[in-house]
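Read through the structure below, which is laid out as structure tokens, and then see the notes.
The values are calculated or read from the model by the stated rules, or taken from the named source; none is laboratory data. All figures in this text were calculated on a predicted structure; none of them were measured in a lab. Backbone-built Cβ (ideal geometry, glycine too); neighbour counts: all protein chains shown. When the accessible area is computed, the model is the full protein with side chains, heavy atoms only, and any ligands, DNA or RNA have been set aside. Shrake-Rupley method; radii C 1.70, N 1.55, O 1.52, S 1.80 Å.
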Amino acid sequence: MKTQITTAGLLSVFTLTSLAGLALQGDPEPPALMVPISSTTAPVDFFGPAVPYDVPAPTTKEATAKRRARLAAELGDDVLIISAGEDIEGRFHAGALFYWLTGVQVPDAVLVIRAVDGEVETERLYLPPKDLSHERWNGPRLAPNKEAIAQTGIASVGKLKDWRSDLTGTEESPGLLTKRSPYIAGEDVDEFIDSLERKSRSATNLLRALAAVREEAEIAAIGAAIDMTQQALAEAFAVVQPGAWEFEAEAAIESGYRKRGAFGPSFPSIVGSGPNSCYLHYRSNTRQFQAGDIVVMDVGARYKNYCADVTRTIPVSGDFTPRQLEVYTAVWDASVAGAATLKPGATIRDAHMAARGVLAERDMDQYFLHSVGHGLGLFVHDTPGNRGELKPGMVVTIEPGVYIAEEELGVRIENDWLITETGAICLSNELPSAPDELIAFLQETRAKAAQKVAPK
């Protein structure tokens, strides 16, 4: 995947076949083709390795320095304290907002920023000491030394054991805390501030709002995560057959992420077939696929700290029944109506009401059980919320669904959209979701997979 970012429109332009020209320009009645429909002909390398080495790093020391300066402007004369999070078994992943400010993946690390008149007065990163025994087991980690300053661009680096005393200070040497309530994030920080019997404010809300409009390199990383997700889902299409298991499709999806260079899933993969298609966050993935089932696959890769979230619903037998097609088409039309509202100044609630209106016309709105979408980026569910104003550079999902439990029939379609200066473009259109194109692609995918395993 090759990605080019244009500053003027903050558009992520992919060379995969059909992304170009899919901008919804916010017209009251957009042309019929200006919807997230992709060609039924997949690119030749659609299933090939897609480690996007040419995607720029979104979290360089230059980028994080600018983010901390923007944060200081918001803080005014306040202090923010945020921690990386605790180390647990498995691959460590620092808290998304801590990493966004520092680019540091070190367990328990703490960042303190003190602003005066809207500028950074003090920024200090606290790191655990160099520990050869720890490194022998786990590999090298950043320690409080000149190398850490050079690598992060953070002006001051301290020992992890000192962050609490540096905040409180002494009678002779005042600490970094002021009389105002600090902004905090992280369980260890919260416990310490609480022990001082000090009031505090949420750093999470402040930082999420600050990060909601994505930088060019962030958009490229989100696009890469979405691309990996689509390719992994396409590979799972060949796995979903009568007699196979939900966990086999899950395995195809999640291994698809890793072999393409992703950190792993953004959230536990949802592969729900038959009655499980009606459970919104079903995660057991233990049922065997049956002929005639429909299966909802709601999944997303995490790449360079950024999330994808894409949902496709497919028939296990390779084609929809008339009733399944009726429901699927209603959900598809609702997704088109919701996406058509996306533009600066609109809200996700506007999209929700448009989608619900379509489903109401089909007498299916009573089966639409959740919001039509959410923000996407550092978190799977990110800023803006339902009523937050959309701005160019934000990424959101549109995901209407209908869940008819008595028929064991659940359908959800989810695409990811980048808000532009004039409307929105779909970042997840490469894997078809329009009814006819989806079925054509599914059948073509299965035929190619069968050819690969057929005896010569």
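Worth pointing out:
- Estimated dipole of segment 61-211 in Debye, rounded to 20 [Cβ of Lys and Arg +1, of Asp and Glu -1, Cα centre]: 460 debye
- Size of the chain: Rg and Dmax of its alpha carbons, in Å, are 23.7, 84.
- Close amide H partners of GLY388, meaning residues 5 or more places away or on another chain with modelled amide H under 5 Å apart, are ILE348.
- The C-alpha atoms of the chain define a longest principal axis, and helix 61-75 lies at about 80 degrees to it.
- 3J(HN,Hα) from dihedral phi, segment 188-195, Karplus parametrisation 6.51/-1.76/1.60, rounded to Hz, x for glycine, proline: 5, 5, 4, 5, 5, 5, 5, 5
- Calculated log₁₀ intensity ratio I(q)/I(0) where the Debye formula runs over C-alpha points of segment 360-438, q = 0.19, 0.20, 0.22 Å⁻¹: -0.94, -1.00, -1.10
- Other residues lying with their Cβ under 12 Å from the Cβ of ALA94 contribute a combined charge of -1, Lys and Arg counting +1, Asp and Glu -1.
- If R0 is taken as 22 Å, the Cβ-Cβ distance between THR286 and SER255 corresponds to a FRET efficiency of 0.75.
- For the chain, the longest principal axis of the Cα atoms and the long axis of helix 435-453 meet at an angle of about 90 degrees.
- Between amide H atoms placed 1.01 Å from N, distances below 5 Å from ARG201 occur with TYR183, ILE184, all of them 5 or more places distant or on a separate chain.
- Rounded to 10°, Cα long-axis angle of helix 216-239 versus longest principal axis of the chain: 40 degrees
- When all alpha carbon pairs of segment 192-342 are counted in 10 Å bins from zero, the resulting P(r) reads 11, 31, 30, 17, 8, 3, 0 %.
- Surface composition of the chain: carbon plus sulfur atoms contribute 52% of the solvent-accessible area (1.4 Å probe, protein chains only, all chains present).
- Under 5 Å between amide hydrogens, built in the peptide plane, is the criterion, and for ILE294 it picks out GLY274, VAL316 among residues at least 5 positions away or on other chains.
- For segment 162-179, backbone phi angles converted through the Karplus equation (6.51, -1.76, 1.60; θ = phi - 60°) give residue-by-residue couplings of 9, 5, 5, 5, 5, 6, 7, x, 10, 4, 7, 9, x, x, 7, 5, 10, 6 Hz, Gly and Pro being listed as x.
- Charge-dipole axis of segment 138-268 as Lys and Arg at +1 and Asp and Glu at -1 on Cβ define it, positive-most pick from ALA262, ALA148, ALA225: ALA148
- Per-residue ³J(HN,Hα) for segment 286-299, Karplus 6.51 cos²θ - 1.76 cosθ + 1.60, θ = phi - 60°, Hz, x for Gly and Pro: 10, 8, 8, 5, 10, 4, x, 5, 10, 10, 9, 10, 10, 8
- Derived value for segment 61-211: Kirkwood hydrodynamic radius 15.7 Å. Basis is the mean of 1/r over every pair of different alpha-carbon atoms.
- Per-residue [θ]222 nm for the chain (sum of -39500 (n - 2.57) over DSSP H runs n ≥ 4, rounded to 500): -10000 deg cm²/dmol
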